[in-house]
Amino acid sequence: PPRLGGLTGRARVLHADEASLAARLPYADVLLVWDFTSDAVRRAWPGEGPRPRWVHTASAGADHLMCPELVASDTVVTNARGVFDQPIAEYVAALVLALAKDLPRTLELQRERSWRHRETRRIAGTRACVVGSGPIGRAVARTLKALGITTALVGREARPGVHAGAELDRLLSRADWVVCAAPLTDATRGMFDARRFGMMQPSAHFINIGRGPLVVEDDLVAALSKRWIAGAALDVFAHEPLPADSPLWTAPGLLVSPHMSGDTVGWRDELGAQFVELYEAWEAGRPLRNVVDKERGYVPGP
């Protein structure tokens, strides 16, 4: 990880991989989880004995960490909240524009040297339903509103500017754009399935920049194949990298990107600098920011 020079002389930094993590956990005061694709922490944590007092994951999601033993412990878990919000919002806006303006087909026709005039869709005045009211969801909603899209933000509970989860089905049925930015929990796993895709308008597009298992991928392929919805874009998947034989690669109207929506130039530096800042607070005994509610699986609050 870059930008950890500020820890020189203040902390003994050891590196671990999946094979060595379990043996080193009992001797660590702090654990920095740099590889957000690995579930090594969840597999290494179980058992009695000393464990780190603080775990920080360099990612927005914390689902890859959580196991019953960690949830029940007094270990504090923090995440990289704040680093990815605006980059992901910009990526979603780019996807909305690309889908509305049929840019994938324009590129295909250019490669074919085919001049084919088409009409595209105006996005100002359309409706979006953004599912997930954390910092990423709120940044997405702000950005879409700037494009003239009427946006409804859906969270677990109702609060000013946020609809309760119980309203989701109603909002889905009216949306032109459905953006999934929810955290992965037991309650949200598989929330976008055949029933929910069937509620959407035939002209609607679905975008997932949250977590792959939030979507029942076979149901999405079926919804696209049957033209239940007009198109979709996925940046996250149940299994990553996406296997070469996955039907998602060839699903009609689907844009596939390799979990890159939040990764702008310099993002690793930002993650390293954020960890050092949090470490300084932890070392001084000050309260930590970005503390994950381990029962819920995300950082609560605005």
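The values are calculated or read from the model by the stated rules, or taken from the named source; none is laboratory data. None of the values given here were measured: they were computed from a predicted structure. Cβ placement follows ideal geometry from the backbone for every residue including glycine, while neighbour counts extend to all protein chains displayed. The area values use the complete protein model at the heavy-atom level, side chains included, leaving out ligands, DNA and RNA. Shrake-Rupley method; radii C 1.70, N 1.55, O 1.52, S 1.80 Å.
At-a-glance table
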quantity: Condition check for Leu255: surrounded by 16 or more Cβ atoms within 10 Å (Cβ to Cβ) and farther than 20 Å from His205 by Cβ; calculated: no
quantity: Condition broken by Arg195, with the remaining ones in (1) under 24 Å from Phe237 (Cα atoms); (2) in contact with a Ser or Thr (Cβ under 6 Å, 6 or more places away or on another chain) satisfied; calculated: (2)
quantity: Of the criteria (1) out of contact with any His (no Cβ under 9 Å at 6 or more places or on another chain); (2) in a helix (DSSP H, G or I), which one Gly190 fails; calculated: (2)
quantity: Any hit, the range 207-215, residues being in a loop (DSSP other than H, G, I, E, B), of a type outside the set (Val, Ile, Thr), touching a residue at least 24 places away in the same chain (Cβ under 8 Å) and within 30 Å of Ala164 (Cα to Cα); calculated: yes
quantity: Subset of the range 169-186 (residues that are open to solvent by 50 Å² or more (accessible area, probe 1.4 Å) and charged (D, E, K, R)); calculated: Arg170, Arg174, Asp186
quantity: Every residue from the range 52-73 that is over 18 Å from Pro135 (Cα atoms) and among the hydroxyl-bearing types (Ser, Thr, Tyr); calculated: Ser73
quantity: Helices (runs of 4 or more DSSP H) enclosed by the range 81-165 - at least 2 residues per element that are among the small types (Gly, Ala, Ser) and either in contact (Cβ under 8 Å) with a residue 12 or more places away in the chain or loosely packed, with under 14 Cβ neighbours inside 10 Å (or both); calculated: 85-100, 135-146
quantity: Single residue of Asp245, Asp219 found to be part of a helix (DSSP H, G or I), open to solvent by 20 Å² or more (accessible area, probe 1.4 Å) and at pLDDT 95 or above; calculated: Asp219
quantity: Residues of the range 53-81 classified as out of contact with any Asp or Glu (no Cβ under 7 Å at 6 or more places or on another chain), over 23 Å from Glu270 (Cα atoms) and not hydroxyl-bearing (Ser, Thr, Tyr), total; calculated: 7
quantity: Selection from the range 190-214 of residues that are under 18 Å from Asp176 (Cα atoms) and of a type in the set (A, V, I, L, M); calculated: Ala194, Met199, Met200, Ala204, Ile207, Ile209
quantity: Top-ranked residue of the range 187-215 - restricted to ones that are among the hydrophobic types (A, V, I, L, M, F, W, C) and open to solvent by 50 Å² or more (accessible area, probe 1.4 Å), ranked as farthest from the chain's Cα centre (by Cα); calculated: Met199
quantity: Members of the range 139-170 that are within 15 Å of Ile207 (Cβ to Cβ) and in contact with a strand residue (DSSP E or B) (Cβ under 6 Å, 6 or more places away or on another chain); calculated: Val140, Ala141, Leu144, Ile149, Thr151, Ala152, Leu153, Val154
quantity: Counted residues, the range 261-289 - those being in a loop (DSSP other than H, G, I, E, B) and open to solvent by less than 20 Å² (accessible area, probe 1.4 Å); calculated: 2
quantity: Hey, Arg296 open to solvent by 70 Å² or more (accessible area, probe 1.4 Å), touching a residue at least 60 places away in the same chain (Cβ under 8 Å) and not in a loop (DSSP other than H, G, I, E, B) or not; calculated: no
